[in-house]
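Chemist: Questions regarding the structure given below will be posed in turn.
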Amino acid sequence: AQSVAQPEDQVNVAEGNPLTVKCTYSVSGNPYLFWYVQYPNRGLQFLLKYITGDNLVKGSYGFEAEFNKSQTSFHLKKPSALVSDSALYFCAVRDGPGNTGKLIFGQGTTLQVKP
Amino acid sequence: DSGVTQTPKHLITATGQRVTLRCSPRSGDLSVYWYQQSLDQGLQFLIHYYNGEERAKGNILERFSAQQFPDLHSELNLSSLELGDSALYFCASSSPGQGGNGYTFGSGTRLTVV
């Protein structure tokens, strides 16, 4: 079965510093990986995806993620954190055939950016 | 506004009761997915419907059921409610060509069982 793991419950960074939110995956076959963000009392918003191609994926709000096949990782990164980036971040893998497979989510990582 | 509409936004009900949560997918999307988000279990996949047919089931309790109607809206029915059913329930939608882009989520229904 496909799965993802987010080893950190919380990540704290200072505004202006780079941030990394970690995700590792376990899949059979080619991974279809996603990052979502959830702000308080809101639904999940799509940030970026990796399907095939370049290992560095760029997404919304200045975020990017690096796919590393040898380390089975898909870490979310941003060169300079903003206080407004503080939110709950989920890594996900698609499980199922075609384009309609369900998403399996990690446990989530709370990002706290301090001024 | 994501285009996925969930009603009601909040629901408070007593143990043993039954509730129905409603989801209208984004226009043109054929798939509807239901998820439960709780503090201890994280985001759990419940069930997936595609164009009216059930496609996949997750850890959905027998007390829970769902369906997708011809107009593609979906309902999640929760019965014999227990305190532990208190959670945020999300639906998400996608179309076949956009599955690779992930899914569009609604803002959720917060269920509180007292």
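Chemist: Given a Förster radius of 30 Å and the C-beta distance between A:LYS58 and B:ARG110 as r, what FRET efficiency does 1/(1 + (r/R0)^6) yield to the nearest 0.05?
Modeler: The computed FRET efficiency comes out at 0.35.
Chemist: To the nearest 20 debye, what charge dipole does chain A have about its Cα centre, counting +1 at the Cβ of each Lys and Arg and -1 at the Cβ of each Asp and Glu?
Modeler: 160 debye
Chemist: How far apart, in nm, are two points set 7 Å out from the Cα along the Cα-to-Cβ line at A:ASN30 and at B:ALA56?
Modeler: Distance between label points: 1.7 nm.
Chemist: Beyond 22 Å between alpha-carbons counts as too far, so tell me which of A:LYS22/B:LYS57; A:LYS22/A:LYS58; A:LYS49/A:LYS102; A:LYS22/A:LYS49; A:LYS77/B:LYS9 fall in that bin.
Modeler: Table pairs above 22 Å Cα-Cα are A:LYS22/B:LYS57; A:LYS77/B:LYS9.
Chemist: For the protein assembly as shown, compute the orientation-averaged projected area of the C-alpha convex hull (one quarter of its surface), in nm².
Modeler: So the Cα hull casts an average projection of 12.4 nm².
Chemist: Please report the orientation-averaged projected area of chain B, defined via the convex hull of its C-alpha atoms, in nm².
Modeler: So the Cα hull casts an average projection of 6.7 nm².
Chemist: Taking the Cα-to-Cβ direction at B:GLU82 and at A:THR110 and moving 7 Å from each Cα, how far apart do the two end points lie in nm?
Modeler: 2.7 nm
Chemist: Label-point separation (nm) for A:SER3 and B:THR15, each offset 7 Å from Cα along Cα-to-Cβ?
Modeler: According to this spin-label approximation, the distance is 3.2 nm.
Laboratory data are not the source of any read-out in this text; all were calculated from the coordinates shown. Just so we're clear, the structure is a prediction, and the values are computed from it rather than from any experiment. Glycine also receives a Cβ, built like all others from the backbone with ideal geometry; neighbour counts cover every protein chain displayed.
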